[in-house]
Amino acid sequence: MRIKNWDVFAFITGYHLLLIALLPWVASMLTWGAALWLLVTFIIGGISITAGYHRLYSHKAYSAHPIYEWGVLLGSTLAFQWSALTWSHDHRIHHNHVDTDKDPYSIKKGFWYAHVFWLFDYQREFQPKLVADLLKNPRVVFQDKYYLPLAILVNLAIFGIGCLFMHPLASLYFGVILRIAAIHHCTWFINSLAHTIGSKTYARELSAVDNALLAFVTFGEGYHNYHHAFAADYRNGVRWYHFDPTKWLIWTASKVGGTRSLKSIHTIKVQKALVQKDKRLLLDHLKHEADEMATELKVRLEELATRFEETSLALMAKAREFKEASKERRKVLRREMRRLREEVRRHWNEWVELTHMAAKQYHLAH
Ligand SMILES: [Zn+2]
Ligand SMILES: [Zn+2]
């Protein structure tokens, strides 16, 4: 890698060095107030990136009220990650060309390249077509045009507020520099760690993984395999117990008019898509295997996939009928749907077990 973006290189290495150099002076200044200020600014900056830059602007997973948009457009300047327009532009390329040379932060170029080094040599060829929708949004265009003055102003304000209840050096260190570093590394982990360590349930062909631990420091973005498979979903952690504060924020805001048109993919639809995809992938991999086990496996895969498809279609048909049905008929339908739902769940579990076994047996990416 050759450094081409010297300004970015100087900024990032500069603040890291400053963090180390100032440590002897600020170590004794870490009060509860300073720690809380660091946490609050970390949350505002971080969640503005995940809810705003990522799920709203890059993926259009929901729509938002202009006031909400201004909130995330200003809040995200705490993160120093360029404008929403630039960020979304690069991120859409990441999704369209993941794991190839065109991916700006491709994990194929190494962990540290995907984490931070890409920022030092990336030469952006801006494609207006890729972000045509965002170019029509006056708020996004304004934030892009005045990004640097806005970022300086907002960060100065944070520094100033911090000075009211702590030493100016502590306010600079904990409220500004350390917070920028913390948000940077947590966002970067999505491109590095969330493409390296974790499980692949939804898109086995991609490097993206689900990593619950990472979700804790990234406001729910650790469920990256699901996200790459179903990027239009406003949720990244789809189960109720998944730690996804970004999803909770978007959902809560929808109750008070801040957000609307939240897109989510129905669980059975997700599973149906997965069964089709897994089947194709495994059968393709097994086509040259002629031993008895492979032959039996192929038959079982076909059988189970068909059974899953049939039961899930039957369940969806019943659900449609339910909407139009009379009170009496609904009682019967409810019973039938419960039975079908159990059957779908059983087939799904069998499918997961079978495909895991097959992937292990035939050394598939897993
Ligand atoms: Zn994404
Ligand atoms: Zn990714």
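The values are calculated or read from the model by the stated rules, or taken from the named source; none is laboratory data. Not measured: the values here are computed from a predicted model. All Cβ positions, even for glycine, are placed from backbone atoms using ideal geometry, and neighbour counts span all protein chains on display.
For the reader, a short list of remarks on this structure follows.
- Filter pass, LYS108 being more than 16 Å from ligand 2 (Cβ to nearest atom), in the same structural domain as SER254 (by TED's automatic domain parsing) and not acidic (Asp, Glu): no
- Filtered by the rule that a residue be part of a helix (DSSP H, G or I), farther than 30 Å from LYS331 by Cα and either of a type in the set (Val, Ile, Thr) or out of contact with any Ser or Thr (no Cβ under 9 Å at 6 or more places or on another chain) (or both), the stretch 287-319 gives GLU292, MET293, ALA294, THR295, GLU296, LEU297, LYS298, VAL299, ARG300, GLU302, GLU303.
- Residues located in the stretch 202-239, provided they are within 18 Å of HIS94 (Cα to Cα), touching a His at 6+ places or on another chain (Cβ under 8 Å) and in a helix (DSSP H, G or I): HIS224, HIS228
- Among the residues making up the stretch 181-214, those that are more than 14 Å from ligand 2 (Cβ to nearest atom) and closer than 20 Å to THR267 by Cβ are SER199, THR201, ARG204, ALA212.
- Matching residues, the stretch 86-105, being within 10 Å of ligand 2 (Cβ to nearest atom) and either at pLDDT below 95 or part of a loop (DSSP other than H, G, I, E, B) (or both): VAL98, ASP99, ASP103, TYR105
- When SER28 is tested against (1) modelled with pLDDT under 95; (2) under 22 Å from PHE126 (Cβ atoms), only condition (2) is not met.
- Here is the figure for the stretch 162-185: residues that are touching a Ser or Thr at 6+ places or on another chain (Cβ under 7 Å) and either buried (at least 21 other Cβ atoms within 10 Å of the Cβ) or closer than 30 Å to LYS360 by Cβ (or both) total 3.
- Test: residue in the stretch 38-56 that is touching a residue at least 60 places away in the same chain (Cβ under 8 Å), of a type in the set (Phe, Trp, Tyr) and over 13 Å from PHE80 (Cβ atoms): no
- Residue within the stretch 125-143 that is over 30 Å from ALA203 (Cβ atoms) and buried (at least 20 other Cβ atoms within 10 Å of the Cβ) present: yes
- Condition check for ILE197: under 22 Å from PRO104 (Cβ atoms), buried (at least 19 other Cβ atoms within 10 Å of the Cβ) and touching a Leu at 6+ places or on another chain (Cβ under 9 Å): no
- Any chance THR259 is within 16 Å of ligand 1 (Cβ to nearest atom) and closer than 27 Å to ALA61 by Cα: no
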